[in-house]
Amino acid sequence: MLNADAKSRELKPSYAPDLYTRQEVSEFNWIFKNRKEGVYILAVNKNSSGTYVKGFVESESRKGMYHYVVAFIGQRREIVGGGFCECESRHYYGKPCKHVLSLRNMYEKHKEELDRLAAPYPELRR
Ligand SMILES: [Zn+2]
């Protein structure tokens with residue numbers, strides 16, 4: 001009996017993603033959202049190496065729930081360092097996950113408008 005309990009506990013997923021509701025997300029000081037409200041962008045910062053984007057991306061399997069996502073997008077549209085997201089995919093399979101890619105694609109799609117809203121990001125010392 002004890003063994004069976006231990007086994008069932010073992011099989012339960014141990015990682016719980018941090019999710020936000022649409023209500024919570026809409027209360028942040030976001031600067032841009034797409035028409036379908038699948039992505040909310042909180043900040044865009046630029047330096048000579050690329051663009052730092054922070055925002056919320058809607059979960060595909062849990063509609064109305066959002067992941068907090070961060071990506072640094074290089075000059076060739078690459079995601080430097082793989083980005084940050086707290087979803088299961090990012091946790092178990094590495095980076096970058098589809099939410100990081102969605103955030104990058106949303107930025108690229110609305111680049112002109114978002115670049116106008118961008119603030120400077122410090123140049124990294126080498
Ligand atoms: Zn993710």
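A few points about this structure:
Okay, residues lined up against (1) among the hydroxyl-bearing types (Ser, Thr, Tyr); (2) in contact (Cβ under 8 Å) with a residue 40 or more places away in the chain:
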{"site": "Phe32", "(1), (2)": "no, yes"}
{"site": "Arg35", "(1), (2)": "no, no"}
{"site": "Asn47", "(1), (2)": "no, yes"}
{"site": "Thr51", "(1), (2)": "yes, yes"}
{"site": "Gly64", "(1), (2)": "no, yes"}
{"site": "Glu78", "(1), (2)": "no, no"}
{"site": "Cys87", "(1), (2)": "no, yes"}
{"site": "His99", "(1), (2)": "no, yes"}
{"site": "Asp115", "(1), (2)": "no, yes"}
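- Only residues that are touching a residue at least 12 places away in the same chain (Cβ under 8 Å) and surrounded by fewer than 16 Cβ atoms within 10 Å (Cβ to Cβ) were counted in the stretch 117-126, giving 6.
- Which numbered condition Tyr40 misses (of (1) of a type in the set (Phe, Trp, Tyr); (2) at pLDDT below 95; (3) closer than 18 Å to Arg22 by Cα): (2)
- Residue within the stretch 60-82 that is surrounded by 14 or more Cβ atoms within 10 Å (Cβ to Cβ), within 16 Å of the ligand (Cβ to nearest atom), under 30 Å from Ser14 (Cβ atoms) and acidic (Asp, Glu) present: no
- Matching residues, the stretch 102-126, being more than 9 Å from the ligand (Cβ to nearest atom) and among the polar types (S, T, N, Q): Asn105
- Among the candidates Glu58, Glu27, residue that is among the acidic types (Asp, Glu), in contact with a Gly (Cβ under 9 Å, 6 or more places away or on another chain) and modelled with pLDDT of 90 or more: Glu58
- In the stretch 89-101, the condition of being more than 16 Å from the ligand (Cβ to nearest atom) and not basic (Lys, Arg) is met by no residue.
The values are calculated or read from the model by the stated rules, or taken from the named source; none is laboratory data. What you see is a predicted model; the values in this text were computed from it and never measured. No Cβ is skipped: glycine too gets one built from the backbone with ideal geometry, and neighbour counts run over all protein chains shown.
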